[in-house]
Amino acid sequence: MLRILGVAFFALVTLPALTSPVRAEDGYDLWLRYRPIEAVAQYRPLATVIVSEGASPSLDAAKAELTRGLSGLLDKPVSAGAVADGAVVIGTPLSSPLIAGLKLPLNTLGNEGYLIRSVALNGHAVTVIAANSDIGVLYGSFAFLRLIQTRQPINRLDIASAPRLKLRLLNHWDNLDGTIERGYAGHSIFDWNKMPDYLDPRYTVMARADASVGINGISVNNVSADVWMLSSMYIGKLAALADVLRPYGIRVYVAARFSAPIELGKLKTADPADPTVQAWWKKEVDSIYRRIPDFGGFVVKANSEGQPGPRDYDRTQAEGANVIADALAPHGGIVFWRAFVYSEKDPTDRAKQAYNEFKPLDGKFRDNVFVQTKNGAIDFQPREPAHPMFGAMPKTNLALEVQITKEYLGQTTHLVYLPVLFKEILDWDTLAKGKGSTVAKVIDGSLEGHDRSAMVGVSNIGDDRNWTGAQFSQADWYGFGRLAWDPSLSADGIAREWLGMTFTNDPAFVNQVVPMMIASREAVVDYMTPLGLHHQFATSHHYGPGPWIDDLARPEWNPVYYNRADAKGLGFDRTPSGSDATAQYAPPLAKLFSGPDIPDRYLLWFQHVAWDHKMRSGRTLWDELVVHYDTGIATVAEMRKAWAVMKPYVDQQRWSQETAFLAIQEKEAQWWRDACIAYFETFSHMPMPAGHAPPPHDLAYYKAIYFPYVPGAAPHKPKDPVE
Ligand code: GCV
């Protein structure tokens with residue numbers, strides 16, 4: 001057994017207990033593959049027939065999923081029928097007299113929870129999947145299938161589950177022309193040109209996958225929004241899409257452009273205090289609800305990266321959000337107002353700007369507004385301390401926004417299992433109301449007694465055959481949904497489930513691949529931005545390293561702004577002697593981050609540290625930095641080895657693709673390390689620590705690396721080509 005960073009990789013492999021060769025797969029079926037299980041004989045008597053009284057689109061979806069799933073898993077047709085031994089009886093007390101007669105304790109499950117219980121019914125041993133709503137039944141059906149997919153016993157079940165967060169949303173950053181901002185899995189899945197007349201069957205498959213993990217809303221377009229999305233033409237298309245998603249409990253939302261009253265409404269202003277603007281939003285919203293009665297609401301990116309917003313009229317973020325919220329409120333709609341706001345004019349440390357702008361507005365937002373806050377104060381970096389707004393806005397509904405697409409984490413080919421990152425943030429203790437004031441408790445509403453709760457993930461879905469560009473990126477979509485349902489789940493447990501459903505439950509496989517997935521997150525931190533470094537990415541597309549970049553229009557777009565490398569040392573001084581961003585955290589954290597006890601992982605985020613500073617390990621900062629870069633590469637090398645011996649357990653197609661991707665990851669980890677060291681050594685002037693090789697090329701070589709086209713970046717004119 002190999003150990004890296006305390007993570008065990010099992011090199012001992014037993015051959016899989018397969019009766020037939022592993023069938024080629026392309027990943028299209030995601031974690032809903034429903035391939036026959038090994039022990040069909042044990043499970044078949046426990047799922048013989050599906051009993052469903054009443055009918056509704058969601059109940060029909062549940063029935064269809066159980067039919068598909070059970071028939072596949074048990075390798076025999078399982079269809080609808082009457083109560084018998086082994087029946088799976090689904091429904092609500094309202095739709096099913098059988099369920100009503102059982103008088104099940106459903107009162108704590110809310111509108112989306114479910115109960116799965118083994119009971120006796122009319123003298124037969126059956127499993128009931130019961131809920132207060134049809135969508136709860138659908139969620140329960142997926143959960144029941146998951147039990148079989150992960151080979152759990154199903155003979156004595158008593159499971160009750162309800163989501164801890166009420167709104168669990170994906171934000172698709174899809175442009176209406178089919179490109180995706182920060183999309184690494186092909187083009188947009190939404191084929192707007194053919195809607196509303198043609199609705200690609202993939203929308204239904206996506207809805208099934210979303211529902212299987214409890215995602216209950218999607219916003220369909222890029223937050224840097226195209227105003228056309230609000231036009232009557234596109235709302236008509238959206239209404240057709242909403243009809244497809246509705247049975248799966250998924251509401252549609254739209255990213256709205258703040259200046260829509262001008263561009264679409266032909267008004268002279270979008271000033272939220274202007275009565276004509278208020279009337280315009282009301283009219284627009286009313287007309288949307290006439291066509292989509294359960295429309296979810298809007299996501300708004302305002303006064304951020306060139307987007308229009310209330311500041312253009314000297315109004316606050318709250319005034320901007322509220323005008324839209326007021327239009328939505330009569331219909332039960334929501335505004336997700338993004339806190340990702342930083343100004344091209346404000347010289348304040350970018351990490352402080354959102355807090356500075358939003359904190360004074362605490363209590364000023366309408367109740368149907370969420371302030372949608374990224375996990376960290378900069379921008380979806382491999383590691384960030386939690387955003388200081390969590391815990392600091394007690395009178396505001398805060399939604400956590402994480403990025404499922406891997407803009408800053410190697411994009412398509414790097415295996416980085418994101419639930420580890422998501423958990424780090426959910427479990428982060430803000431200390432806002434004493435110990436245990438975690439981000440999870442902030443966003444589930446329990447810390448401050450809010451009724452509303454939400455978590456949002458920037459989608460990684462595209463029209464690639466395998467949906468997410470890489471097999472392992474499916475785990476990030478899956479894990480996001482599972483954590484939004486229950487933030488207390490472990491990243492390890494989610495990985496086990498997902499691997500079992502997506503590949504095989506063979507312990508020799510799962511026990512080998514789980515540690516590899518868990519280690520992958522720290523690996524990317526190590527080889528890209530160790531010890532609290534951040535935003536060291538190449539310009540615009542963020543693919544590859546660029547720590548030397550210093551010539552972009554805005555200071556905070558330049559990596560040098562964040563690394564602050566100089567002759568003395570490295571890191572951004574955010575202590576009271578620097579930008580004082582530490583003061584935005586609860587006092588004990590502010591003290592920790594400003595002082596000598598700061599954890600290594602956040603060191604260079606908060607402090608400017610001398611090159612020869614003695615670290616906890618006894619090494620100098622310089623040596624420690626190099627060791628981290630090399631540890632990152634070594635971890636990827638171990639991941640490659642671990643995956644290589646998994647060949648017997650995985651079909652050729654998926655195994656080979658991941659094998660190639662891991663090789664790319666290792667090569668690029670090396671590139672990251674070499675380029676960063678080549679740059680930082682021009683300041684440290686220190687020798688490489690013993691046993692660590694210098695970069696094979698000089699800095700000019702790394703600076704010259706240039707990619708004219710990278711997926712996910714905005715269209716642009718590249719530099720002239722070189723021969
Ligand atoms: C949609 C980062 C990304 C942008 C993105 C922005 C945001 O800056 O690089 O592509 O824009 O975040 O979250 O609004």
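Structure data summary
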item: Set M195, M206: member being closer than 30 Å to Y709 by Cβ, under 23 Å from the mean Cα position of the chain (by Cα) and of a type in the set (A, V, I, L, M); result: M206
item: Residue within segment 575-598 that is at positive phi and surrounded by fewer than 19 Cβ atoms within 10 Å (Cβ to Cβ) present; result: yes
item: Qualifying residue in segment 500-515 (condition: within 16 Å of the ligand (Cβ to nearest atom) and either buried (at least 24 other Cβ atoms within 10 Å of the Cβ) or modelled with pLDDT under 95 (or both)); result: no
item: Long-range neighbours under 8 Å by Cβ, at least six apart or interchain, first residue over 14 Å from G69 (Cβ atoms) within segment 36-49, second at pLDDT below 95; result: E38/A17
item: Segment 276-329, residues that are farther than 18 Å from N368 by Cα, surrounded by fewer than 21 Cβ atoms within 10 Å (Cβ to Cβ) and aliphatic (A, V, I, L, M); result: A279
item: Residue ID - nearest to W337 (Cα to Cα), chosen from residues in segment 216-240 that are assigned to a loop (DSSP other than H, G, I, E, B) and among the hydroxyl-bearing types (S, T, Y); result: S224
item: Residue within segment 527-538 that is among the polar types (S, T, N, Q) and within 30 Å of P708 (Cα to Cα) present; result: yes
item: Options L104, L109, L59: the member that is closer than 21 Å to A207 by Cβ, at pLDDT 95 or above and under 35 Å from the mean Cα position of the chain (by Cα); result: L59
item: Elements of type helices (runs of 4 or more DSSP H) in segment 606-723, at least 2 residues being under 28 Å from the mean Cα position of the chain (by Cα); result: 621-644, 652-684
item: Matching residues in segment 275-320 - criterion: being within 16 Å of the ligand (Cβ to nearest atom), in contact with a helix residue (DSSP H, G or I) (Cβ under 8 Å, 6 or more places away or on another chain) and assigned to a loop (DSSP other than H, G, I, E, B); result: A302, N303, G309
item: Residue list for segment 384-411, filter: surrounded by fewer than 24 Cβ atoms within 10 Å (Cβ to Cβ) and either more than 16 Å from the ligand (Cβ to nearest atom) or assigned to a strand (DSSP E or B) (or both); result: A392, M393, P394, K395, V402
item: Residue satisfying all of: in segment 360-383; assigned to a loop (DSSP other than H, G, I, E, B) and more than 16 Å from the ligand (Cβ to nearest atom); surrounded by the fewest Cβ atoms within 10 Å (Cβ to Cβ) among these; result: G363
item: Test: residue in segment 271-286 that is among the hydroxyl-bearing types (S, T, Y) and in contact with an Asp or Glu (Cβ under 6 Å, 6 or more places away or on another chain); result: no
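Residues checked against (1) assigned to a loop (DSSP other than H, G, I, E, B); (2) within 16 Å of the ligand (Cβ to nearest atom); (3) among the hydrophobic types (A, V, I, L, M, F, W, C):
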| site | (1), (2), (3) |
| --- | --- |
| L165 | yes, no, yes |
| R168 | no, no, no |
| D177 | yes, yes, no |
| M195 | yes, no, yes |
| Y198 | yes, no, no |
| T204 | no, no, no |
| D210 | no, no, no |
| G214 | yes, no, no |
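The values are calculated or read from the model by the stated rules, or taken from the named source; none is laboratory data. All values derive from a computational prediction rather than experimental measurement. All Cβ positions, even for glycine, are placed from backbone atoms using ideal geometry, and neighbour counts span all protein chains on display.
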